[in-house]
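In what follows, a structure is listed as structure tokens, so that the remarks can point back to it.
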């Protein structure tokens with residue numbers, strides 16, 4: 001891959017992208033723990049796709065896209081809150097069904113999370129360009 005295309009897909013700085021993916025995994029665990037410990041009862045029971053997770057997905061993907069570009073990394077960062085919620089929703093620490101992890105991995109809410117992550121990437125990349133933080137990652141021939 002040529003550098004501009006690489007920057008568009010994975011980000012301009014490798015170290016920043018690696019840290020973002022690591023923080024996204026921690027974010028997934030935090031969302032899982034928050035729902036397991038507190039939020040489920042505070043929100044009045046299970047909802048199909050909770051607004052706090054959607055907002056967190058958009059904000060995380062937008063923050064990464066603003067700072068470092070990287071479509072694929074922004075999607076991973078944006079999907080991690082949905083993964084944490086799905087792990088809670090399809091089993092958590094009290095899973096009775098042995099296939100609950102498979103259900104979580106194939107959940108339709110991950111597609112919704114993908115849409116929110118994409119929205120966050122577009123918003124962050126657009127704000128980055130408007131603010132003049134970075135030049136567009138074009139693939140020059």
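The residues on offer are 93, 5, 111, 72, and the sole one that is assigned to a helix (DSSP H, G or I) and either modelled with pLDDT of 85 or more or surrounded by 15 or more Cβ atoms within 10 Å (Cβ to Cβ) (or both) is 72. Test residue 104 against the stated conditions and say whether it is buried (at least 19 other Cβ atoms within 10 Å of the Cβ) and modelled with pLDDT under 85. In short, yes.
In segment 82-90, is there at least one residue being in a loop (DSSP other than H, G, I, E, B), out of contact with any strand residue (DSSP E or B) (no Cβ under 8 Å at 6 or more places or on another chain) and at pLDDT below 85? Give the steps one after another, and end with the answer.
Of segment 82-90, the ones in a loop (DSSP other than H, G, I, E, B) are 90.
So of that shortlist, the ones also out of contact with any strand residue (DSSP E or B) (no Cβ under 8 Å at 6 or more places or on another chain) come out as 90.
So of that shortlist, the ones also at pLDDT below 85 come out as 90.
The answer is yes, given that some residue of segment 82-90 is in a loop (DSSP other than H, G, I, E, B), out of contact with any strand residue (DSSP E or B) (no Cβ under 8 Å at 6 or more places or on another chain) and at pLDDT below 85.
The values are calculated or read from the model by the stated rules, or taken from the named source; none is laboratory data. Since the model is a prediction, treat every value here as computed from it, not as a measurement. Quick reminder, even Gly has a Cβ in these numbers, built from the backbone with ideal geometry, and neighbours come from all protein chains shown.
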